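Heads up: the structure comes next, in structure tokens.
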Number of protein chains: 2
Amino acid sequence: MKEKVEPRTLPGFMELLPQDQITFNNMVDTIRSVYEEFGFLPLDTPTIELSEVLLAKAGGETEKQIYRFMKGDTDLSLRFDLTVPLARYVAGHYNDLIFPFKRYQISKVFRGERPQKGRFREFYQCDIDIIGNDNLDLIYDAEIPSVIYHVFQKLNLGKFTIRINNRKILNGFFESLGLLEISSDILRVIDKIDKIGVSAVKEELKSLELTEEQIEKVLSFLAITGTNDEKIKALKELEIQTETFQTGLYELETVINSLRSFAILEDYFKIDLTIARGLDYYTGTVYETILDEYPKLGSICSGGRYENLADYYTEEHLPGVGISIGLTRLFSQLKEIGLVGESKTTISQVLIVPMDKENNAYVLETASKLRNKGIKTDVYYQDKGMKQKMKYADRLGIPYVLVIGETEVKEGKVAFKDMISGSQELISVEEVIERLTNC
Amino acid sequence: MKEKVEPRTLPGFMELLPQDQITFNNMVDTIRSVYEEFGFLPLDTPTIELSEVLLAKAGGETEKQIYRFMKGDTDLSLRFDLTVPLARYVAGHYNDLIFPFKRYQISKVFRGERPQKGRFREFYQCDIDIIGNDNLDLIYDAEIPSVIYHVFQKLNLGKFTIRINNRKILNGFFESLGLLEISSDILRVIDKIDKIGVSAVKEELKSLELTEEQIEKVLSFLAITGTNDEKIKALKELEIQTETFQTGLYELETVINSLRSFAILEDYFKIDLTIARGLDYYTGTVYETILDEYPKLGSICSGGRYENLADYYTEEHLPGVGISIGLTRLFSQLKEIGLVGESKTTISQVLIVPMDKENNAYVLETASKLRNKGIKTDVYYQDKGMKQKMKYADRLGIPYVLVIGETEVKEGKVAFKDMISGSQELISVEEVIERLTNC
């Protein structure tokens, strides 16, 4: 007897059992359907690209994580996000695209990070982006969170908040304090305020050589509270006259007002002046999304506005705005806290169980009738006892079983068994269809 | 100005423009919906696996084509099909699965072949398999082509034929001639009969040292013609008594009869004694699928019955039957012959075009009403002329445009423009919804 190879997968690579896979796919379907409802076009770029092309812009941490290898003489890499392939795509197909180009892509990306809880090396991103040709109206900055609002409403994960900021407000504010050059260092400190508290932040700002006065101003800026309108008002009252700050404030106010036009409930979006995100990339509006009851999950959907998508590939000026859901990570977190994967899910609504092989024609005719009405129907053909057959339905979570034997065929009916209540009735296939399509 | 990197993709990697991507996705959706209609469960295995695991069974040509590389100290490979991952999955999750285990997987696989017309290095496979625990009823050999029958009916690619054979008939036949040991060589020759003709096949069989008598028997075996029933009858009349042949004949006849129970039109399946497929793998029923009007495309969907799925990973005996559609290749072929991609496809059914920014609330309210009814709706927010706005709808193939300006808002209506007829009417949103949900 040959020695067996252990059938294991790599750490950091999610693989689901069928029930969880169904749940996961349902989430993908929901996300996709909302993306399409808003007119986003599908895209599917190659998993493997030329390293020279894919890494044109990368560097530092990203480059280290990449799955990069030679095939023959060719230097290849697996995509590590969906934004770089989008940039390459728009630059390469520029003349064939219609702008604004609204695309979604739901695909796996690959990052060879040290595997740890909640971190994956292969994971799904569900991205939408809107790319303008030379310019892109500010209202698209409100359309993006409005799409996300509908996605999370439909995913039904409880109350959530889309946090919104504008990078120009932050930059303009630091500029007014003469701190623009170290703004990214300051933002890194500020980002920790929820974790380490105000006094620790104060200490760290001191070590960045901010004066007492500067520190006070930064802290009182961050301490701006109230409703969205109150925050806008407070920002106006700071009377910071730099052009960057004023532009940022105008943009933020416009986006907030547009969100109201998009009929997003006021409670679901909130100005948060501490959000910066991807320091070198985003230039205007930025977003994060938090599940209110599970703030520890962190942001489950983030993005923002960027000035130029593809300057490594093309001279064309391509401003855009986009957002990404890291679905593999989100799913694994939701499963851990029990928000998904608790109840049984199923593909088939009905299992047909033939008593014997004599009545195959009737069995298959019945299956066809159900499938023609869009009712997903499995048939159990194995020669096993009734107990085994019922166990199959039960373990797959199939809610209804049709038993077909001699009696049923003779009467032109089926024995309709409700797996939850356990009740069983002799009814016609047409009646089965009526019950299942009305429930 | 920085030098730009050319935004190119690798040869052998398909990347589609949005219109074609929509068509491609529609095909995937059709395939998936039929797979689910028959109760197949979804699976999504990792793209990257340990080489040791993935290549446990591989060798020869396969191994050369694989994308294999080191990451740190780990020897990794990209999956080259969906069957090996299925074997690894079933062996690894054996205790958590319910048998017969019916799964589908629609995923990309990777083969570093020399790129040539119609060959891809990254391509989608759409697989279904049914795995039994220790045994699997023969009727599943008929369920598989019955699923494929519905898939290709719905894909609407014209008349097709599912060709069916049984490896045991071939093996038993060669056994009866004392040619079992060189049967794979003979099958390779036979496989070329359509291309090179009978007399060339005769010559090649001679060079395999077959006697005149053996060659005559092989050729008259292959020459068996007629309806499915006539072929079965002719095979019976050969009176070959080897157990393998008789088992094969019984299986073939049973599968053919079952296909009739599955209500597949007789014209769509056909016994073809020349089909062998994957010589070392399949052990019983084998399938190929041909588009009748485009026989040159070759088999667009193939598979068969195997005795044991996962003997490299487990002691469990796991017989199965499956089939695979190589969708990337099929799509590219269909596009080339003009069977897909000719007419405009669209995601959005409606484009809303605001005349100006004054009426955003009304515009967005209208969009919401449509989306709530499941009508995919895009809104054009860019500040451009009406001509540009209409061009956007036209180039995206969006069939209806709603223009909203001062008049429309005042009257509580929209200007409903049919992009094909060019007609325009002032009607209510409710009327728009009624027209679009009834068409």
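Key figures for this structure:
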| quantity | calculated |
| --- | --- |
| Share antiparallel - DSSP beta bridges, the protein assembly as shown, percent rounded to 5 | 75 percent |
| Label-point gap, in nm, between B:Asp96 and A:Lys4 - each point 7 angstrom along Cα→Cβ | 1.7 nm |
| 16 Å tail of the calculated P(r), segment A:198-239, as % of Cα pairs | 41 percent |
| Segment A:1-20 versus segment A:361-439: alpha-carbon centroid distance in Å | 34 Å |
| Relative pair counts by distance (%), Cα atoms of segment B:355-439, 10 Å bins | 16, 56, 27, 0 |
| Rg to Rh quotient for segment A:1-157, alpha carbon positions, Kirkwood Rh | 1.02 |
| Two-decimal Rg/Rh across chain B, once Rg and the Kirkwood Rh are taken from alpha-carbon atoms | 1.08 |
| Where rotation carries B onto A, the chain B residue whose Cβ is nearest that axis, in whole Å | B:Phe69, 2 |
| Part-to-part distance (alpha-carbon centres) for segment A:296-320 and segment A:90-124, which is given in Å | 12 Å |
| Shielding by other protein chains, B:78-87, mean Cβ within 10 Å | 1 |
| Most fluctuating residue given options A:Glu113, A:Glu122, A:Glu293, as computed from a GNM of chain A linking Cα atoms under 10 Å | A:Glu293 |
| Rg/Rg_ref, segment B:156-214, where Rg_ref = 2.2 N^0.38 Å and atoms are Cα | 1.36 |
| Label spacing, shortest first and in nm, from B:Asp292 to its equivalents in the remaining copies (7 angstrom along Cα→Cβ) | 6.2 |
| Local net charge near B:Val151, Cβ-Cβ under 14 Å (Lys/Arg +1, Asp/Glu -1) | -2 |
| Cβ-derived FRET efficiency at R0 41 Å, A:Ser33 paired with A:Asp280, nearest 0.05 | 0.75 |
| Rg in Å to one decimal, and Dmax rounded to a whole Å, for the protein assembly as shown via C-alpha atoms | 30.8, 105 |
| Peptide-level mean, for A:8-14, of C-beta atoms on other protein chains within 10 Å | 5 |
| Sequence-separation-based contact order of chain A, relative, with Cα cut under 8 Å and 6+ spacing, percent | 16 percent |
| Listed pairs B:Lys168/B:Lys217; B:Lys344/B:Lys384; A:Lys117/B:Lys108; A:Lys389/A:Lys417; A:Lys391/A:Lys417 exceeding 20 Å between Cα atoms | B:Lys344/B:Lys384; A:Lys117/B:Lys108 |
| Rounded D (µm²/s) - segment B:221-281, Kirkwood Rh over Cα pairs, Stokes-Einstein at 25 °C, 0.890 mPa s | 194 µm²/s |
| Rg and Dmax of segment A:215-327, Cα atoms only, in Å | 15.6, 45 |
| For segment A:97-199, average projected area of the Cα convex hull in nm² | 10.9 nm² |
| Averaged over A:376-385, number of beta-carbon atoms from partner chains that fall within 10 Å | 5 |
| Dimensionless Rg/Rh of segment A:292-439 - Kirkwood Rh, Rg from C-alpha atoms | 1.27 |
| Solvent-free Debye scattering, log10 I(q)/I(0), computed from the Cα coordinates of segment B:49-122 at q = 0.14 Å⁻¹ | -0.53 |
| Principal axes of segment A:268-347: Cα extent on each, largest first, Å | 52, 34, 19 |
| B versus A: buried accessible surface, summed, Å² (probe 1.4 Å, to nearest 100) | 9000 Å² |
| Only Lys, Arg (+1) and Asp, Glu (-1) charged, at Cβ; segment B:328-388 dipole about Cα centre in debye | 220 debye |
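The values are calculated or read from the model by the stated rules, or taken from the named source; none is laboratory data. A quick note: this is a predicted structure, and the numbers were derived from the prediction, not measured. Counting neighbours? That spans all protein chains shown, and the Cβs are built from the backbone with ideal geometry, glycine included. Ligands, DNA and RNA are excluded from the accessible area calculation, which covers all protein heavy atoms including side chains. Shrake-Rupley method; radii C 1.70, N 1.55, O 1.52, S 1.80 Å.
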